[in-house]
Every structure is written in structure tokens, then in C-alpha cells.
Amino acid sequence: MPPATSPAPNGMASLLCADFSRLLTVSGLIAAGLLLLVLIILNQRKKTIISNKSKALAETEARYRLLFEHSPIPLLEEDLSAVKNLIDQLDQQGVTDVGAYFEQNPESLDRCAAMARVLDANRAALRLYGATKPSDLTLLTMVWPEDQLGYFKTALLDLLKGGCSQIILENKALNGDLLTVERRAVVAAGFEQTWRKIFVTVIDITEQVKLKKEIKIFEKQLQQTQKLEAIGSLAGGIAHDFNNILAPIMGRAELMLVENPGNSGVGEHCRGIIDASRRARDLVKQILTFSRQVDQEIQPVSIAAVVREVVQLVRPTLPATIEIDCLLPDHCPRVMADSTQLHQVLMNLITNAFHAMEEKGGRLGIRLETVTLGLGEFDHFSISPGLYQQLTIEDSGHGMDQATQAKIFDPYFTTKARGKGTGLGLAVVLGILRGYGGEIRVTSEPGQGTVFTLYFPVVELAGDQTPSAVNSLEPLPRGTEHILLVDDEKSIADVTTSMLERLGYKVTARISSYDALEAFRNLADRIDLLIADLTMPQMTGLQLYREIKKIRPDVKVIICTGFSEQLDSGKSKAIGIEGFLHKPVVMADLARCVRSVLDD
């Protein structure tokens, strides 16, 4: 048997290489398969992730649409990409101050506004602007008035600076109605460079702004009322001081007239002083009647008398270019009214007439007559047939057109310049007249003047309500009783003492309430009458009256005052005061009042 032989070295190497090659091929196939499997798994997972994200995105979009559509706040989606492109171009051209550029080139700002697009609007926004579908609001200029483009520039600058803006401006609905809105805009995330999507909330604050304006008007009216109250208080203080000045002037003139009965020259001068003093006293009374705040007192009033007072009060304040033609009857029926409110009515109408003729002058005509209104004669008025006082106030001013006439009685409507009227005058006049059962009508033509006609129902009186005048020639009543006189003004105390002594009375005068009280304690059994000023330092006339009544309850008392809202003749009698005199006191009134109280 032949010996075994070993393989050749080259053959063995070839076999090993072949085996290794087969091994690599199998491994590669296995690796490729594994890699393919991994890729398939990763791809499936990616699809799952994409599907889940798409589903979540769809859900988010659905939630957003639901919130967007059903939000009670008006919401808009806007596209300002064209505007942003223009601003970027300006930046590339070297424009660093966009705001200044728009100031110098307003046409560019107009172009920017025209390029702004409204992509979407929710239901609340559609209701706000009166639209039926979002496509009705394609352009921002459809709801932005032209005079508000300055706010558009402000919004653009704010978006450039911080990506959001908040402004209050006017918008307009599609039917033209103006709205005041608070507009807040923010650039959507991811669109900071393009401004292709801007989220905007629009809050309607029209009613709030209107309410704020009304509150400001009411605050101004309150301030005006407070000013009037202050004027009334000031007028009261002035009246008191002025009457204290008038009292000795009038009193001394009356005493000179009494002491010089045969001297015609002195008598003429004295009567002139007395007449001037009475006019001054009446003027103070008119000012107080108009300015003070008093409770409404409805009573029979002569309109003619009130008109005369008001005309006398306003005539010096009217320019010489305005002529007043007043036609008033000497005797006329009375109406139930409050004299202070009648002053207010007349002052309002006369002031309106003055403003209508202020520039060119003219004629103010006032006429009063009694008329009978038949059934249906003025069926558009809310007044009954019957007898009326017809007051006509006519001016030759610039007049009014029909549109203005239709609004003149509306509260806060005024045609006057700022600071000259509140728009409440004629509304107040109408309210006062209708409260009396009367009415007012107006006729006017542009350039032809205005006529206001007022109707007041006449009141039928049981008898003559006008007090009979006292004969000034009859002798003054005299007496011999002892009178305690107290007034903190020495000049008034001196002249009143002289008057009383001229009338035969014995007078003990004091200028201090405390001194008067001490004097009464010493002379209580001999004093027949106390005459005291109401307004005095330390102790008022009423306080002195109460202290003296404690000492001797049966003593008679007369209170004198120049002005007081705390006391009048009716109130004085209600608290037990027998007499009441207004300063400055006329000698004849003093004599009759003293005698009436002592003889009662």
C-alpha cells in the first residue's frame, strides 16, 4: 500500500479562501437583512409618529377653529406680507426711520393700508362689522376710516418693534356706523419674518367710551352746579354787606327829608338818594332770586313782573348793538309757577337770542298777551284747551334750519362754541314748561331769526291777589314804647335809633348781642319790643331771641336781615317771631311793622 500524501500548499490556501468568501457573503446577507429589517421598523415608526402628529395637528386645528369661530370676542386673521415686503425694501434702500418716512410720504402709508388683507373673521367679528361671511371683509381699509390711518402707522411700528400692538381707534361697520374699538394684534409664531399671518382681537368699546363722555359731561354739570351754589353763597354774603351799606344811606336821606320839610332843594336831593338806594336794593334782590338755590314754590305769579325784572337785570350786559323791544300789559292774568324757575326760563331764552345776534347785533322782541286755545287748535301740543298767557321771544339773529330745530330740545345738543353752552338750556326750559302744564314752540329760518312762543295756563283767582298800595302821604304810625335795638353795624344802629326816636319811641341801642342780652336782663320789665339783626357775631339774632324769651316769654320781637336762606317772614312766624323786616329798612316800613307788632 502506497504511503499517504499531504495536499499541496497552494490547494489548501485556495480552499480556505473559498470558505472565507462564502462566510463573508452569508454574513453580508444577514447584515443586509438585519439593516433592512431595522429600516422597515424605523420607517413604520416614522409613519406612526407622522400619523400621530398629523392627527394631533388636525385635532389642534379643529380646537382652534372651534375656539376661533365661537369666541365671543371678535377675532381676525390678517395677511400683512405685502406690507412687510415694502418695509423690507425700504430697509434695503437705507430707510432707518420708517415712521418719519411715512410722515413725509403719506401716499406710501395709504398704499400699505390698501395692501393689508383680512384672511378670516369669526362670527363675533362678522356681527360687529355687519358682514355675512368672511369674504365680505377682504380689505382692512373696508373697516378703517381714512382719518384713522395714523393709528395704522402706529400699529405697524409696534409690530416692527415688538411683534405686537395695542391701540384704540375708530372703525366703521359695512353700513357706515362708526365704532370705537380696542384693537390688539400679534404676529403668529413662525411668521415673524413674513407677517403672512397676524392674529387680531377687536373689542367693541363704543358704549364704554360713550358712557365715559357722558360721565365727563355730568361731572362738568356738577362742577357748574357747585359753581352756581358758590355764587349763590357769595351773592348772599355780598347782599348782606351791600344792604348794610345801603341802610344808613337810605336812612339818613329819609331823616334829612323829615327834618327839612320846607327845604325843596334838600328834599329833591334826598328823594334822589332814596330812589337810587331802592333801585340798588331791588337789584340785589334780583341777583339773589336768580342765583340762590331755593325749594320750588308754586304760587300765582305775574309773568309780566318777572319779565321786567329779568330785562332790567340783563339790559346792562347786552351790547348797544342789540335793541330790546318789550311789549307787556299793565295788568294780566296770573299763572301758577315758581318765580325762580321763570327767571331761569327767561334767562336761557334771552341768552340764546343774545348769542344769535352777538356778531351783527339786532332786535330782541318780548311780547306777552292772553290767548284762548281751542280744542285741536294745537293738536301736536300736549296741552288742554283754555286760557293761556302767550309769551313770545323773538330775535333777528342767524336763525336755524329744520334739522337743527328738530334737535334743539334734545339734552346735550348745542350749536354754541365750546365753553358757551352745555346743551341743557332748552331741555330744561321744556321740562319746566311741561311741568306747569304749558308748552313751547319754535319757528325759524336761516338768516331770518328765531321766534320762541311759550304758553302758560292761566289760573283763576278767587279775588284780587294784589296787595293794595299804602298811601305814602298818610302820616306814619307813632308810639311811645321802649324798644331794645341791637345791630352789629354801628351806622345802622345809629340811623335806626334816629328813625325810631323820630317816631316817638324810647330806644336802647346796642351793637353787641351779649351787651343787648345784659341790657335786657336789667330792663326786662320795661322793654316792650326787641328789634335784632339776624346775622351777628358771637350770638345771632335767633339765639338772642331764644335767650330773651327764656327771661320774658311775652316780649315782642322783630328780626331784620339783608339775606338769609334760613329765615323768611313765613318761617319767622312759624317759630314765634312777630315781625320780619328786609334790609335796608325804609322808615315807613319800620313804622308800620313796629306798630303792627306792638298792637297785635
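Using the structure shown, list the pairs from Lys55/Lys133; Lys47/Lys161; Lys220/Lys583 with a Cα-Cα distance above 30 Å, or answer none.
Among Lys55/Lys133; Lys47/Lys161; Lys220/Lys583, the Cα-Cα distance tops 30 Å for Lys47/Lys161; Lys220/Lys583.
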Table column - 3J(HN,Hα) (Hz), the range 488-496, Karplus curve with 6.51, -1.76, 1.60, x for Gly and Pro: 6, 8, 4, 4, 6, 4, 5, 5, 5
Put in order of increasing Cβ neighbours within 10 Å, starting from the fewest, Val301, Val486 give Val301, Val486
Measure of compaction for the range 70-204 (Cα Rg per 2.2 N^0.38 Å): 1.01
³J(HN,Hα) computed for each position of the range 538-550 - Karplus, 6.51 cos²θ - 1.76 cosθ + 1.60, integer Hz, glycine/proline x: 6, 8, 6, x, 5, 5, 4, 4, 5, 5, 5, 5, 5
Per principal axis, largest first, the Cα atoms of the range 298-457 extend in Å by 40, 33, 25
Apply the Karplus parameterisation 6.51 cos²θ - 1.76 cosθ + 1.60, with θ equal to phi minus 60°, to every residue of the range 157-172 and state each ³J(HN,Hα) to the nearest whole Hz, in sequence, with x for glycine and proline. 5, 5, 5, 5, 7, x, x, 8, 8, 8, 9, 10, 7, 9, 10, 9
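Please give the peptides 27-36, 359-368, 168-177 ranked by average Cβ packing (other Cβ atoms within 10 Å per residue), highest first, as a rough proxy for protection.
Working: 27-36: 10.0, 359-368: 17.1, 168-177: 14.0.
Answer by packing, highest mean first, reads 359-368, 168-177, 27-36.
Full extension from Thr351 to Ala188: what is 0.36 nm times the residue separation minus their Cα-Cα distance, to one decimal in nm? Walk me through the intermediate numbers first.
Numbers: separation 163, 0.36 × 163 = 58.68 nm, distance 5.98 nm.
Computed gain between Thr351 and Ala188 is 52.7 nm.
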If each residue's Cβ is checked for other Cβ atoms within 10 Å, how do Met115, Met142, Met400 rank with the fewest at the top? Met142, Met115, Met400
Which cross-chain or sequence-distant (5 or more) residues have an amide H under 5 Å from the amide H of Val557, H modelled 1.01 Å from N in plane? Leu530, Glu578, Gly579
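Say the cut-off is 29 Å between C-alpha atoms; which of Lys490/Lys549; Lys506/Lys549; Lys172/Lys360; Lys210/Lys407 go over it?
Numbers: Lys490/Lys549 25 Å; Lys506/Lys549 21 Å; Lys172/Lys360 41 Å; Lys210/Lys407 19 Å.
Result: Lys172/Lys360 exceed 29 Å.
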Sorted largest first, the C-alpha extents of the range 482-599 along its principal axes in whole angstrom are 32, 31, 29
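Each reported figure results from applying straightforward, stated rules to the coordinates on display, with no laboratory input. Please read these numbers as outputs of a predicted model, since none were measured by experiment. Heads up, the Cβs are rebuilt from the backbone with ideal geometry, glycines too, and the neighbour counts pull from every protein chain shown.
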